[in-house]
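> Below are the structure tokens for one structure; questions will follow.
The values are calculated or read from the model by the stated rules, or taken from the named source; none is laboratory data. Keep in mind the model is a prediction, meaning the values are calculated, not measured. Ideal geometry is used to build each Cβ from the backbone, glycine not excepted, and the neighbour counts take in all protein chains shown. Keep in mind that these areas ignore ligands, DNA and RNA; they rest on the heavy atoms of the full protein, side chains included. Shrake-Rupley method; radii C 1.70, N 1.55, O 1.52, S 1.80 Å.
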Amino acid sequence: NEEIRDHWGEDWYRGAMFPLPDGIGLIEGKLHDLQGRFNINSLADPDAKRQALFAGVFVSMMSDLLTSNPDAFPEGTTANMLKERVIDWLDTDQENTGFDGREDDDYFRKERPCRTANHVITDASELLLIDGFTPQALALLEDKISFLPYSAKINLFTADKDLLIKLGFSAAEATEFADKQRP
């Protein structure tokens, strides 16, 4: 019985190039498995235990990013602050999460007022509406995050080693999955 899995050694990851008619050029493309990235929408998982796990992963990711790139975020930004603000952006209530959460009342007071989405995020640019995120931060996150339904599973065979460790895998287990990703 053959094991079914997606990994980076398959044709879909290698990309492809196709010639245009009459030799006028080429079209090139490559797919990326978004299930191998951290799903921001998992912060709205209705299962409290799973939501707590994903919130911890998010805080760890953001802490690493804030430490290595402090200039990419407004001064005073913390990982926990970003977590609370993303949760408020996703949840359907108007109660601030924790000390640093933001809801409609906070966003209405901005120079360009807006409302919280109160639903899943569908595009990375939406993070720029959330206090604490900048274009520089988004550029650093772009290949590490995705915006899928909160119920989407993480593909262990395309997730990077750091994400697997943040999810609770040992370094040895994460290395084993990373080794299986190679062709």
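> Just a yes or no: is a residue in segment 13-36 outside any loop (DSSP other than H, G, I, E, B), open to solvent by less than 40 Å² (accessible area, probe 1.4 Å) and at pLDDT 95 or above?
no
> Hey, does segment 110-118 have a residue that's of a type in the set (S, T, N, Q), in contact with a helix residue (DSSP H, G or I) (Cβ under 7 Å, 6 or more places away or on another chain), open to solvent by 30 Å² or more (accessible area, probe 1.4 Å) and assigned to a loop (DSSP other than H, G, I, E, B)?
no
> Do the conditions hold for D93, that is, is it of a type in the set (D, E, K, R), in a loop (DSSP other than H, G, I, E, B) and either touching a strand residue (DSSP E or B) at 6+ places or on another chain (Cβ under 8 Å) or under 17 Å from F58 (Cα atoms) (or both)? Before the answer, list the steps.
Details: of a type in the set (D, E, K, R): yes; in a loop (DSSP other than H, G, I, E, B): yes; either touching a strand residue (DSSP E or B) at 6+ places or on another chain (Cβ under 8 Å) or under 17 Å from F58 (Cα atoms) (or both): no.
Taking the combined requirement at face value, the residue does not satisfy it.
> Still on this structure, please answer the following. Could you tell me which residue of segment 73-95 is most open to solvent (accessible area, probe 1.4 Å), considering only residues that are farther than 20 Å from L141 by Cβ and under 22 Å from the mean Cα position of the chain (by Cα)? Spell out how you get there, then give the answer.
Applying the first criterion (farther than 20 Å from L141 by Cβ) to segment 73-95 yields 91-95.
So of that shortlist, the ones also under 22 Å from the mean Cα position of the chain (by Cα) come out as 91-92.
Values: D91: 33, T92: 117 Å².
Within segment 73-95, the match that is most open to solvent (accessible area, probe 1.4 Å) is T92.
> Return the residues of segment 155-180 that are closer than 14 Å to F58 by Cα and part of a loop (DSSP other than H, G, I, E, B); say none if nothing qualifies.
The initial filter retains those residues of segment 155-180 that are closer than 14 Å to F58 by Cα, namely 162-168.
Residues satisfying the conditions are L167, G168.
> Let me ask something else. Considering only segment 119-147, how many residues are over 25 Å from T158 (Cα atoms), of a type in the set (G, A, S) and outside any loop (DSSP other than H, G, I, E, B)?
Number of matching residues: 0.
> Right, G168: over 16 Å from Q35 (Cβ atoms), modelled with pLDDT of 95 or more and open to solvent by less than 70 Å² (accessible area, probe 1.4 Å) or not? First the steps, then the outcome.
Numbers: over 16 Å from Q35 (Cβ atoms): yes; modelled with pLDDT of 95 or more: no; open to solvent by less than 70 Å² (accessible area, probe 1.4 Å): yes.
So G168 fails the test.
> Would it be correct to say that G76 is part of a loop (DSSP other than H, G, I, E, B), at pLDDT 95 or above and in contact with a Ser or Thr (Cβ under 8 Å, 6 or more places away or on another chain)?
On the way: part of a loop (DSSP other than H, G, I, E, B): yes; at pLDDT 95 or above: yes; in contact with a Ser or Thr (Cβ under 8 Å, 6 or more places away or on another chain): no.
Spelling it out, it is not the case that G76 is part of a loop (DSSP other than H, G, I, E, B), at pLDDT 95 or above and in contact with a Ser or Thr (Cβ under 8 Å, 6 or more places away or on another chain).
> Would you mind stating whether G98 is among the small types (G, A, S), part of a loop (DSSP other than H, G, I, E, B), within 16 Å of Q51 (Cα to Cα) and touching a helix residue (DSSP H, G or I) at 6+ places or on another chain (Cβ under 7 Å)? Show your work before the answer.
Details: among the small types (G, A, S): yes; part of a loop (DSSP other than H, G, I, E, B): yes; within 16 Å of Q51 (Cα to Cα): yes; touching a helix residue (DSSP H, G or I) at 6+ places or on another chain (Cβ under 7 Å): yes.
Yes, satisfied.
> Separate question: So which residues in segment 131-163 are of a type in the set (V, I, T) and surrounded by fewer than 18 Cβ atoms within 10 Å (Cβ to Cβ), if there are any at all? Steps first, answer last, please.
Of segment 131-163, the ones of a type in the set (V, I, T) are 134, 145, 154, 158.
Selection gives T134 alone.
> Enumerate the pairs (first residue in segment 112-141 and over 11 Å from W89 (Cα atoms); second residue anywhere and open to solvent by 60 Å² or more (accessible area, probe 1.4 Å) and acidic (D, E)) with beta-carbon separation below 9 Å, excluding pairs fewer than 6 apart on the same chain, so at least 6 apart or on different chains.
From residues that are over 11 Å from W89 (Cα atoms), the pairs are A124/E142; Q136/D71.
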